[in-house]
Amino acid sequence: MRGNAWRFAAALIAFAVLARLPVGLDAGFQFDAALAVIWAFGILSLVLLYGYAGQVSLCQATFAGVGAYGAGMTVASLHGGYLLGIVVGVLFATVLGVLVGLPALRLHGITLAMVTLGIALVFDKYVFQDHLFDWFTGGAAGWQVSSASLLGISVDSSKHLLASYDVLLALFLVCAVLMLNLHSSGAGRRFRAIRDSELAASTMGVNLTRYKLLAFAMSAGMAGLGGSFYPLVAGSVSPQPFWVFTSLQLAAIGVLMGVRYVPAAALGGFFMAVVPDVLTRYGHGTFLNRAYEISFDWFQIAVGVLLVLQLILLPDGVWGDLRSHAARIRGALRFKRAGEVTAA
């Protein structure tokens with residue numbers, strides 16, 4: 001109970017700080033802040049799926065896209081409230097997660113990765129863009145969401161973008177605390193047993209079918225929860241944010257930041273949403289009387305280079321390395337304090 005109290009207290013402090021960061025910034029950076037939380041949900045879903053349960057997926061952006069289209073369809077076409085849209089988006093993503101998880105019952109490693117990548121390609125090129133699914137995607141124009149409210153709070157992409165960000169941020173922090181609690185729960189221990197050795201987990205009585213499908217369902221639902229807010233934040237939903245390369249970016253940045261750790265999801269979301277916009281805005285000018293131009297493509301190259309360096313120098317990711325350094329410092333301080341007590 002004391003651990004839960006500390007976690008919720010830390011979440012409240014984080015909300016108080018992070019909710020103020022976009023205040024006073026222009027609409028572009030406020031959109032980046034909300035988008036960062038959406039991608040943070042995607043990376044958090046990878047922490048659950050890969051970091052906890054050891055299952056590989058390269059279609060997390062597809063889950064987010066299904067959540068976005070489900071919410072957009074409910075609000076724009078069926079004229080339901082946005083809260084209902086979020087429920088529908090999460091439900092659609094969760095069902096897809098279970099279907100994607102079925103091959104995971106027999107596949108492992110790179111073969112499972114290729115299957116999930118194939119699913120991402122199919123949704124990217126056909127489901128999200130084919131006229132056969134216009135009833136779900138809203139056609140080439142996508143679904144338009146001009147205004148909405150959540151539990152009496154006005155949230156939309158024009159006048160109340162910060163309110164949308166605050167709701168998203170609060171939901172993310174709640175999910176983050178629940179993820180930390182899951183790690184130390186009975187289900188979390190079974191997930192980690194599957195990650196370490198499926199054979200050993202099965203020998204100890206872990207139901208592999210149940211927990212693999214549960215991991216995929218929970219992971220997809222979490223990505224869909226973030227994606228369901230995209231129409232609200234952007235004002236519309238289209239295929240471009242959820243194409244296959246976004247799934248690859250989520251996986252790469254998740255590994256880069258530390259895919260086994262919940263706080264790494266927040267770092268990854270910020271890196272993925274804000275850095276490209278900063279490069280686009282300020283990546284041109286003059287230096288030493290010479291003009292320079294840094295395009296968005298440099299971000300993709302930088303992610304690849306940083307990923308290679310991270311795998312060599314920081315195999316546990318950026319957050320894992322920071323965590324290790326902090327643990328060493330705490331250990332040194334305890335040793336010094338114990339020495340002072342002994343001397344006294």
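Please treat every number below as a calculation from the coordinates, not as lab data. Just so it is clear, the structure is predicted and the values come from calculations on it, not from any experiment. Don't worry about glycine lacking a Cβ; one is built from the backbone with ideal geometry, like all the others, and counts go over all protein chains shown.
Rg/Rh for segment 236-280 stands at 1.01; both radii use Cα atoms, and Rh follows the Kirkwood definition. Ordered from longest to shortest, the equivalent ellipsoid semi-axes for segment 205-253 are 28, 14, 7 Å, each the square root of 5 times a Cα gyration tensor eigenvalue. Taking every full run of DSSP H in the chain, the ones that stretch at least 27 Å from end to end by Cα along their long axis and average -0.5 or higher on the Kyte-Doolittle scale are 27-46, 82-104, 161-183, 208-227, 263-282, 317-343. Segment 224-251 and segment 43-82 have their alpha-carbon centroids 8 Å apart. Charged neighbours of residue 102, selected by a Cβ distance under 14 Å, balance to +3 (K, R count +1; D, E count -1). Under 5 Å from the amide H of residue 80 lie the amide H atoms of 75, each residue being 5 or more positions distant or on a separate chain, with H modelled from the backbone and absent for Pro and chain starts. Taking other C-beta atoms within 10 angstrom as a stand-in for reagent exposure, 59, 175 fall in the order 175, 59, fewest first. Given R0 = 22 Å, the distance between the Cβ atoms of residue 79 and residue 133 translates into a calculated FRET efficiency of 0.65. As a proxy for reagent exposure, ranking 153, 86, 43 by other Cβ atoms within 10 Å from fewest up yields 153, 86, 43.
Report summary: the helix-based calculation at 222 nm, which adds -39500 (n - 2.57) for every DSSP H run with n ≥ 4 and divides by the residues of the chain, gives -22500 deg cm²/dmol. The calculated Kirkwood hydrodynamic radius for segment 2-241 is 18.4 Å, given to one decimal from all distinct C-alpha pairs.
Net length available on complete extension from residue 110 to residue 329 is 75.1 nm, with 0.36 nm assigned per residue and the Cα-Cα distance removed.
Under the definition of Cα pairs under 8 Å and six or more residues apart, what whole-number percent is the relative contact order of segment 2-241? Worked out over segment 2-241, it gives 38 percent.
The antiparallel fraction among DSSP beta bridges confined to the chain stands at about 100%. When 219, 149, 184 are arranged by Cβ crowding within 10 Å, least crowded first, meaning fewest neighbours, the order is 184, 149, 219.
Name the most mobile residue of 270, 245, 15, meaning the one with the largest mean-square fluctuation, in a Gaussian network model of the chain with Cα contacts below 10 Å. Maximum among the listed residues: 15.
Within the listed set 25, 307, 84, the residue fluctuating most in the Gaussian network model of the chain (springs between alpha-carbon atoms under 10 angstrom) is 25.
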